[in-house]
Amino acid sequence: MKIKNKITSIALASVLGLAGAVHGHNLDINFNFAGEPGDQVSTAGTSSVGAITGAIVDRGPGIGSTAAGNSISSNGWDSLDPTEDFFSFRFDIAAGFSVDIDRLVIGTRSSGAGPGELALRYSGDGFTSDLATFTQSGTAFLNSDIALNLTELTGSVEFRVVATSDVRADGDLGITDTGTFRLVNYFSGGDTGGITFSGTAVPEPGAYAL
């Protein structure tokens, strides 16, 4: 009887452990710009879950690089071509896992002649719709806490920040080639340590087959 009870307890513990695993792991994909010069080609990210790799942020081919400490910075947004002018966040999800993304915290800043109206888009719909929009006002830093509802992402995932109009951050029309826009760490009562996508990494049940 004692042996049977012990086996039953072990089996129950295994089932509970499997259930917890299938429910997923808390996920943060972080891009920290502290100490970056601004004109670097890219900045590597980190993931709190090992199944998420290759995190990186860089520029689309239509924008240039500019120096601005603790950021990744750019100019050349005047063509308003969302297929060329963008910042790109990318990461890869290992086979056997899917990812739900429910939040993005992001810091941004434009110069007066830089883009004023921007949006977040992603590869799931070919970058055709806005997941969120935000407006730069003058040269002020903008800290945005964006709720997302993206589920069961797999494979390679990309998010882009694009300009959506010719409105400048100073309110005038006509973004100039020298107008700048940068990504910076999100601040909330202080530096939070980066731009962060948050959610859950969920293993497929087969990955934990007994």
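Just checking, does region 147-156 include any residue being part of a loop (DSSP other than H, G, I, E, B) and either within 22 Å of ILE72 (Cβ to Cβ) or without any contact (Cβ under 8 Å) to a residue 12 or more places away in the chain (or both)?
We begin by selecting, within region 147-156, every residue part of a loop (DSSP other than H, G, I, E, B); these are 154.
Filter again for either within 22 Å of ILE72 (Cβ to Cβ) or without any contact (Cβ under 8 Å) to a residue 12 or more places away in the chain (or both), leaving none.
The answer is no; no qualifying residue exists.
Kindly provide the set of residues from region 84-129 that are crowded, with 17+ Cβ neighbours inside 10 Å and among the basic types (Lys, Arg), ordered by number.
Within region 84-129, ARG90, ARG109, ARG121 meet the criteria.
Do you know which of the residues in region 191-210 that are modelled with pLDDT under 95 and in a loop (DSSP other than H, G, I, E, B) is surrounded by the most Cβ atoms within 10 Å (Cβ to Cβ)?
This residue is GLU204.
Test GLY179 against the stated conditions and say whether it is surrounded by 13 or more Cβ atoms within 10 Å (Cβ to Cβ) and farther than 18 Å from ILE29 by Cα.
Working: surrounded by 13 or more Cβ atoms within 10 Å (Cβ to Cβ): yes; farther than 18 Å from ILE29 by Cα: yes.
Spelling it out, GLY179 is indeed surrounded by 13 or more Cβ atoms within 10 Å (Cβ to Cβ) and farther than 18 Å from ILE29 by Cα.
Out of the residues in region 1-49 that are charged (D, E, K, R) and modelled with pLDDT under 50, which is surrounded by the most Cβ atoms within 10 Å (Cβ to Cβ)?
Keep residues of region 1-49 that are charged (D, E, K, R), which gives 2, 4, 6, 28, 36, 39.
With the extra rule that they be modelled with pLDDT under 50, the set shrinks to 2, 4, 6.
Values: LYS2: 6, LYS4: 8, LYS6: 10.
So the residue we want is LYS6.
The values are calculated or read from the model by the stated rules, or taken from the named source; none is laboratory data. Nothing here was measured: the structure is a model prediction, and the numbers come from that model. Cβ sites come from the backbone with ideal geometry, for glycine too, and all protein chains shown count toward neighbours.
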